[in-house]
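> Quick one: this structure, given as structure tokens, is what I'll be asking you about.
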Amino acid sequence: EDKVVQSPLSLVVHEGDTVTLNCSYEVTNFRSLLWYKQEKKAPTFLFMLTSSGIEKKSGRLSSILDKKELFSILNITATQTGDSAVYLCAVDEDGGGSQGNLIFGKGTKLSVKP
Amino acid sequence: EAGVTQSPTHLIKTRGQQATLRCSPISGHTSVYWYQQALGLGLQFLLWYDEGEERNRGNFPPRFSGRQFPNYSSELNVNALELEDSALYLCASSRGRTLRETQYFGPGTRLLVL
């Protein structure tokens with residue numbers, strides 16, 4: 001049973017569009033939720049979220065966490081072709097055999113057409 | 001500051017052989033994590049090393065093993081290779097587990113088992 005579920009699995013948009021990527025999770029001892037961008041190989045870190053309702057922002061990207069409803073969203077405004085990548089959501093869980101590792105969703109593949 | 005480095009970038013082996021993958025963490029990081037990213041499966045946690053000790057392992061058979069050296073670099077060994085071991089192996093490092101420390105990923109080693 002997947003503990004971290006991302007939707008949609010893939011998305012095709014045109015430059016300038018705004019996209020919202022979703023991540024829902026189900027873990028017992030939540031520590032944090034992280035977003036990564038994976039273009040070729042190395043996932044690059046985007047955001048770490050630990051508190052509900054506090055938006056993290058970096059340029060055209062922003063993300064927010066809802067710990068009551070157990071989900072997070074990643075928004076990208078004014079998309080560019082360089083935003084094309086797989087966006088990974090991961091949850092850091094305390095204890096319960098998951099200590100130390102991140103639990104990843106399967107990712108959302110975003111394609112931005114010119 | 002140099003990021004996480006991994007070697008080799010690509011590795012081709014045949015069934016039954018052994019593979020050794022190497023990872024150097026970011027300077028100052030003591031924790032090293034190994035993940036497997038097989039096609040269509042997302043990132044799966046393999047092993048976590050901190051301060052030279054194995055702290056946790058994922059649901060992988062014992063032929064996946066590793067170690068961490070005094071300089072915090074790490075090695076992942078895969079014995080008796082099987083075709084389904086073909087995947088991208090990613091290493092990540094962090095400053096440890098006492099605080100909510102972000103994991104930063106290396107570029108990965110792509111292993112192909114023929």
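Only the coordinates and a few stated rules stand behind these numbers; no lab work does. Note that this is a predicted model, so its numbers are computed, not measured. Note: ideal-geometry Cβ built from the backbone for every residue, glycine included; neighbour counts use all protein chains shown.
> For the protein assembly as shown, give me the percentage of DSSP beta bridges that are antiparallel, rounded to the nearest 5 percent.
Antiparallel bridges make up about 90 percent of those DSSP assigns within the protein assembly as shown.
> Quick one: dipole size for region A:4-113, taken about the Cα centre, charges +1 on Lys/Arg Cβ and -1 on Asp/Glu Cβ, in debye to the nearest 20. Walk me through the numbers on the way to the answer.
Details: 12 positive and 11 negative charges, 55 e Å.
For this selection, approximately 260 debye.
> I've got another one for you. Taking the alpha-carbon set of region A:4-113, what are its Rg and Dmax in Å?
Calculated on Cα positions, Rg and Dmax stand at 13.6, 43 Å.
> Here is a follow-up. If I stretch the segment between residue A:30 and residue A:80 completely, what's the gain in nm (0.36 nm per residue apart, minus their alpha carbon distance), one decimal?
14.7 nm
> Hey, in the GNM for chain A with a 10 angstrom Cα cutoff, which one of A:21, A:11, A:88 fluctuates hardest?
Top of the fluctuation ranking is A:11.
> With springs only between Cα atoms under 10 Å apart, run a GNM on chain B and tell me which of B:76, B:47, B:11 wobbles the most.
Largest GNM mean-square fluctuation: B:11.
> Fully extended, how many nm does the chain gain between residue A:62 and residue A:50 (0.36 nm per residue separation, minus their Cα-Cα distance)?
Values: separation 12, 0.36 × 12 = 4.32 nm, distance 1.43 nm.
Taking residue A:62 through residue A:50 to full extension adds about 2.9 nm, to one decimal.
> Take the cross-link list A:57/A:106; A:68/A:109; A:3/B:13; A:40/A:67; A:41/A:68; A:37/B:13 and give me the ones stretching past 25 Å between alpha-carbons.
A:68/A:109; A:3/B:13; A:40/A:67; A:41/A:68; A:37/B:13
> Right, here's the next one. Taking each residue of B:32-44 in turn, how many C-beta atoms of other protein chains fall within 10 Å of its C-beta, and what is the average? Provide the component values of the computation, followed by the final result.
On the way: counts 0, 3, 1, 5, 0, 6, 0, 0, 1, 2, 11, 12, 3.
Per-residue shielding by partner chains comes out at 3.
> Something else now. Using a Gaussian network model of chain B with C-alpha springs under 10 Å, which one of B:95, B:15, B:57 is most mobile by mean-square fluctuation?
B:15
> Counting other Cβ atoms within 10 Å of each Cβ, which GluC sites (Glu not before Pro) in region B:1-70 have at most 13 and sit in a DSSP loop?
Sparse-neighbourhood loop GluC sites (Glu not before Pro): B:1, B:51.
> For region B:60-90, which GluC sites (Glu not before Pro) are in a loop by DSSP, counting at most 14 other Cβ atoms within 10 Å?
B:82
> While we're looking at this one, here's another question. Relative contact order of chain A: what whole-number percent is it, with Cα pairs under 8 angstrom and at least 6 residues apart?
It rounds to 37 percent for chain A.
> When the chain is fully extended, how far beyond the present Cα-Cα distance does residue B:110 get from residue B:13, taking 0.36 nm per residue of separation?
33.8 nm
> Any idea how far apart residue A:13 and residue B:38 come out in nm if each label point goes 7 Å out from Cα toward Cβ?
Calculated label separation equals 3.3 nm.
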